[in-house]
Number of protein chains: 2
Amino acid sequence: MVKMTIKDVAKEAGVSTATISRVMNNSGYVSEDIKQQVLEVIRKFNYQPNAIARSLKQEKSRSVGIVLPDMANPYFMKIARTIQHRCFQLGYHLLFIDTEENPEKEREALEFLTEKRVEALILAGTGENRDQIQAISDSGIHVILADRRFSNLKLDTVTEDNIYASKSAIEHLLEKKHTRIGIINGPKTISTARERRQGAIIGLEEAGITPTNEFMFEGDYTRESGIEAIRYFSQLPDRPTAIFSANNEMTFGVYLGLQELGIPLESIEVVSFGNLEFSSLFHHNLSVIMQNPQELGETIGDLLIKRLNGEADSVQNRILMPHLVPSK
Amino acid sequence: MVKMTIKDVAKEAGVSTATISRVMNNSGYVSEDIKQQVLEVIRKFNYQPNAIARSLKQEKSRSVGIVLPDMANPYFMKIARTIQHRCFQLGYHLLFIDTEENPEKEREALEFLTEKRVEALILAGTGENRDQIQAISDSGIHVILADRRFSNLKLDTVTEDNIYASKSAIEHLLEKKHTRIGIINGPKTISTARERRQGAIIGLEEAGITPTNEFMFEGDYTRESGIEAIRYFSQLPDRPTAIFSANNEMTFGVYLGLQELGIPLESIEVVSFGNLEFSSLFHHNLSVIMQNPQELGETIGDLLIKRLNGEADSVQNRILMPHLVPSK
DNA sequence: ATTCTCCATGTTAACGTTACCACATTAATA
DNA sequence: TATTAATGTGGTAACGTTAACATGGAGAAT
């Protein structure tokens, strides 16, 4: 069964396509009689306007791209979900792409999205493709960096205060008399990893402790790299007694690693940047820096609406405050 | 900065738009000289064809809709992620919508997606909107039901054997000498809930036990309803000693509920339909019916490609086999 | 020399909307 | 009554592609 077009409706209702269009969009003048008659035809044939044709004519795709490094990470999905709801309300659709932290895939994704003529782009990037992202912004597409920023790029950002939160994580461990703290971080290309590292170092130095490379493990924000970190730390002569893990997935890996090595999970004090769903059930020594992906999503949503409405405003950089929830 | 069109490229390269189109699509005849010249212009101005115009002309949106009840549930997101990768490879984009199990929202979502002219629709539905879904299929959009089916609708489905798996869950608990088994299920409107119930009942009856309504709690697949189920069961005179929970979120709620009531988590034997990420770290009496969302996604992806390529085939109903992983 | 292919290119009409303009008609105002 | 304004409607040119058709030249086969 082939879809009806506005012409078919016009013929059926005995009016011009212009009138149908006016009825559909509640624009211009249409007499009440004709309006009802047209609506009747639309209802009867279940006519739906072709959004693609409309987009072409109006030069508005009514779509927004969102590029995330990991669609299975609840943190990112909670951000995405909130934004999805907002977009749906606006009649926009979201084009999701999962890059799996792969810069090349990200590059392709960005190209794909610009061909699809998204009006805005929300990006939690790999840290590469700076020029491309800047070019996208320059071409008039609204870019909002989520969670991760680029230094020196004049783009909207909605991020969290990683330095402050990481510093307080370290302070928390120091208060518990730990001095040998293993730090598991993400890739240096990613701003959150750099900032979390920086915060941790500040925390240590303020307590008069010199950070050593031996206790810094550079992972890649995956579960597997959390496991590897534990394998690495466990074979050091002077093992850490506490761990600061820079994201939720790696923290999960930490516990999997401990389990693999037969080390009691509660024997190690852990602070995780980012919540683990089950941490409230967990009686191990796990403290969590609670992020607020929903608020992040809402903040992005608000900004997005502003940008799509063309409400001129200078570059926005919003920073949310995570807070530490100590272990019980 | 305004985007370049094919006409600009044509003018710049001194040829017709048709030639540009032929170069872009590797179709028809173009001399090597001109081809190189055109490619040079394209590169120089970073020309990107407008996918919307192309869609309109070709009457192909190159998009697929996916409607899920819960974007934050890892089970659904793993399905979605797999499909997203497939679609991206094909040059298709996915329009995601999260209905939050709300039938009205689902109705709107389906309407939205048909206006956007998706070529296919992947749906894990609320169980309502049957007519609308059938109409979508009749109108020539490929519909694939994921995880949840509709009886009597002639549509492709990729689901799991809920009856078999639930039966084996009950058998597992019976083997462990539990006879008072609390069953926490989803809404009866959803096929998975009906089937999981049916499987559980078969399991009980085959063991000569008469299922009682007292031990059946109808939740709504949310965490909160798992908590409520525990509150309900805990005030029964003869409490269940074991729980069969029909999805991962409700199982989570079970533990939250036990914790809330101060009941030791390991004092209750639980079987969960669907994995909890952390179950391997968990030393409680938790057995899991392992689903395989990735395989589900791949199966859907394969089917999707077939359908999009128009490879004629009768209605497909694929059923995957989950398996029980007993508690340690 | 004539016909027939194969190449290589250009011309143009769609695809389904909407926005602009033109043209009536009616109502309100001077 | 004449003029203006408000209302209602239709015609049509775009939006940026591509596919069908047309055209013409070069070389091969008759």
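The values are calculated or read from the model by the stated rules, or taken from the named source; none is laboratory data. Predicted model only: the values in this text are computed from it and were never measured. Counting neighbours? That spans all protein chains shown, and the Cβs are built from the backbone with ideal geometry, glycine included. Side chains included, ligands, DNA and RNA excluded: accessible areas come from the protein's heavy atoms. Shrake-Rupley method; radii C 1.70, N 1.55, O 1.52, S 1.80 Å.
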May I ask you to list the residues in the range B:43-52 that are at the interface with chain A (Cβ under 9 Å from one of its Cβ atoms) and open to solvent by 30 Å² or more (accessible area, probe 1.4 Å)?
B:Asn46, B:Asn50
Reported set for the range B:7-18 where residues are more than 9 Å from DNA strand D (Cβ to nearest atom) and either at positive phi or not in a loop (DSSP other than H, G, I, E, B) (or both) is B:Lys11, B:Glu12, B:Ala13, B:Gly14
Single match in B:Leu256, B:Leu286 (criterion: outside the structural domain of B:His142 (by TED's automatic domain parsing), over 27 Å from B:Asp161 (Cα atoms) and either free of Cβ contacts under 8 Å to residues at least 60 places away in the same chain or among the small types (Gly, Ala, Ser) (or both)):
B:Leu256
B:Asn285 vs. criteria open to solvent by 10 Å² or more (accessible area, probe 1.4 Å), in contact with a strand residue (DSSP E or B) (Cβ under 7 Å, 6 or more places away or on another chain) and modelled with pLDDT under 95:
yes
Would you point out which residue out of B:Ser61, B:Ser55 is near DNA strand C (Cβ under 9 Å from one of its atoms), within 30 Å of B:Val158 (Cα to Cα), at pLDDT 95 or above and within 14 Å of chain A (Cβ to nearest Cβ)?
B:Ser55
When you look at A:Asn102, is it open to solvent by 50 Å² or more (accessible area, probe 1.4 Å), under 30 Å from A:Asn129 (Cβ atoms) and not small (Gly, Ala, Ser), yes or no?
yes
Check whether at least one residue in the range A:20-42 is surrounded by fewer than 21 Cβ atoms within 10 Å (Cβ to Cβ), facing chain B (nearest Cβ under 9 Å) and either of a type outside the set (S, T, N, Q) or in contact with a Leu (Cβ under 6 Å, 6 or more places away or on another chain) (or both), and report yes or no.
no
Among the residues in the range A:101-119, are any more than 11 Å from chain B (Cβ to nearest Cβ), touching a Lys or Arg at 6+ places or on another chain (Cβ under 9 Å) and within 16 Å of DNA strand D (Cβ to nearest atom)?
yes
Kindly indicate whether B:Lys78 is open to solvent by 40 Å² or more (accessible area, probe 1.4 Å) and either of a type outside the set (Lys, Arg) or within 16 Å of DNA strand D (Cβ to nearest atom) (or both).
no
Just a yes or no: is a residue in the range B:239-246 crowded, with 18+ Cβ neighbours inside 10 Å, in contact with a His (Cβ under 6 Å, 6 or more places away or on another chain) and in the same structural domain as B:Leu173 (by TED's automatic domain parsing)?
yes
All positions within the range B:19-44 that are at negative phi and under 42 Å from the mean Cα position of the chain (by Cα):
B:Ile20, B:Ser21, B:Arg22, B:Val23, B:Met24, B:Asn25, B:Ser27, B:Leu39, B:Ile42, B:Arg43
Out of (1) closer than 15 Å to A:Leu94 by Cβ; (2) modelled with pLDDT under 95, the one B:Phe112 does not meet is (2)
Counting only residues that are facing chain A (nearest Cβ under 10 Å) and of a type in the set (Asp, Glu), the range B:250-283 contains a total of 1
Options A:Gln48, A:Gln89, A:Gln37; residue that is away from DNA strand D (no atom under 16 Å from the Cβ), among the polar types (S, T, N, Q) and either in a helix (DSSP H, G or I) or within 30 Å of A:Gln291 (Cα to Cα) (or both):
A:Gln89
Of the residues that make up the range B:316-326, is at least one within 14 Å of chain A (Cβ to nearest Cβ) and crowded, with 21+ Cβ neighbours inside 10 Å?
no
With the structure loaded, tell me whether A:Lys7 is within 14 Å of chain B (Cβ to nearest Cβ), within 14 Å of DNA strand C (Cβ to nearest atom) and within 28 Å of B:Gln58 (Cβ to Cβ) or whether it fails that test.
no
